[in-house]
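Engineer: Quick one: the structure is below, and I'll ask about it shortly.
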Amino acid sequence: MERLLNFIYEYRAFLTFLLLEILCAWLIIENNQYQSSKYFNSSNQVAARLLGFSQGVREYVALRSINEDLANENAHLRNELQRALIELTEGTTDSLRVNQFEFVSAKVLANATQHYKNFITINKGMADGLAPGMAVVGDGGAVGKVKSVSNHFAVVISLLNVDEQVSGSIKRSNHFGTVRWDGVNMRYSTLQFIPRHAHPIVGDTIITSGYNAVFPQGIPIGYIREATLKPEAPFWDIRIELAQDFGRLAFVEVIKSKLLAEKDSLQLRTIGEIK
């Protein structure tokens, strides 16, 4: 307190001058319409800019929770859409079949795109019901499959992995083959084993075939950009542009298939009987 009083006493002349300047400015603004309107217009502009900046900061801080809410809502909508699609296409009322797929939203924690064998780490694991082999999709289309899980995390083998392959079909003609990355460009992959009697067209959409219980049918994979057929070759050489831009993955959805175990068990028993 003593230091404050000493400061005021030492600078009493300057503080008195400052106080009088403020008083004069207030009297001018208060008693002159032009100066008053100028002052309030200027102060309102400054206040508006400060409020806009403050609101922008608040929105940026809240962006993470907003994105998470949107991702969860998107997963819920995918669940409803997939149920309706199965009911319409398969004409079934079997509740287990209609509800065989469940979408779980997850945040991407790490995403490699520069290697021959790329993986993605997400923030969901066994505690959320995830298991190896589950399909993963993004906002654009297919992303990959769950490779391994811990209690709260999972590692996904990306479609940008030379060891990963997905059954895909040409939406227009239903000819199916295998989508496999060639390790060259993160935006492009290849569609293999399309027979020569098929007639793929540049621009055709490639979707998941649904021939396994991992991916539902109809998930976008990519679009044909090149299709060539060598003389006497049994299959087309097809280059596709991936529907999902792996350079901007932020959230993904893991697809839990409730019929996968039953399908795998039946195939295993059948193969055993054949042998």
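Taken together, the values in this text are just the output of simple stated rules run on the coordinates, not laboratory data. Here the structure is a predicted model, which means the values were calculated and not measured. Positions of Cβ are generated from backbone atoms using ideal geometry, with glycine treated the same way; all protein chains shown enter the neighbour counts.
Engineer: How many angstrom lie between the Cα centre of the range 227-275 and the Cα centre of the range 92-158?
Structural biologist: After rounding, the separation between the Cα centres reads 15 Å.
Engineer: Could I ask something else about it? Residues with beta-carbon under 13 Å from that of residue 239, excluding residue 239: net charge, scoring Lys, Arg +1 and Asp, Glu -1?
Structural biologist: -2
Engineer: Can you bin the range 143-275 into rounded, prolate or oblate? Criterion: square roots of the alpha carbon gyration tensor eigenvalues sorted a ≥ b ≥ c, rounded for a/c under 1.5, prolate for a/b above b/c, oblate for the rest.
Structural biologist: Details: a/c = 2.05, a/b = 1.24, b/c = 1.66.
In terms of gyration-tensor shape, oblate.
Engineer: Which net charge results when you count Lys and Arg as +1 and Asp and Glu as -1 among the other residues whose beta-carbon is under 9 Å from that of residue 250?
Structural biologist: Charge balance near residue 250 sits at +1.
Engineer: Compute the Cα gyration tensor for the range 92-221, then decide on rounded, prolate or oblate, letting a ≥ b ≥ c be the square roots of its eigenvalues: rounded whenever a/c is under 1.5, prolate when a/b is larger than b/c in the other cases, and oblate in all that remain.
Structural biologist: Cα axes put the range 92-221 in the oblate bin.
Engineer: Using 0.36 nm times the number of residues separating residue 110 and residue 131, minus their current alpha carbon distance, what extension gain do you get?
Structural biologist: Additional length available on full extension: 5.7 nm.
Engineer: In whole Hz, what ³J(HN,Hα) sequence does the range 114-130 give by Karplus (6.51, -1.76, 1.60; θ = phi - 60°), x for Gly and Pro?
Structural biologist: Ordered by residue, 3J(HN,Hα) equals 9, 9, 6, 10, 9, 10, 10, 10, 10, 9, 10, x, 4, 4, 9, x, 7 Hz.
Engineer: Multiply the residue gap between residue 23 and residue 117 by 0.36 nm, knock off their C-alpha separation, and tell me the result in nm, one decimal place.
Structural biologist: Full-extension gain reported as 26.6 nm.
Engineer: Moving to a separate point now. Given the pairs 117/263; 107/147; 107/263, which are separated by over 18 angstrom at their Cα positions?
Structural biologist: In this structure, 117/263; 107/263 exceed 18 Å between Cα atoms.
Engineer: List the residues, sorted by chain then number, that are 5 or more residues from residue 251 or on another chain and whose placed amide H is less than 5 Å from its amide H.
Structural biologist: Correct list: 108.
Engineer: For the ranges 242-249, 5-12, what's the packing order if you count other beta-carbon atoms within 10 Å of each residue, average per peptide, and put the highest first?
Structural biologist: 242-249, 5-12
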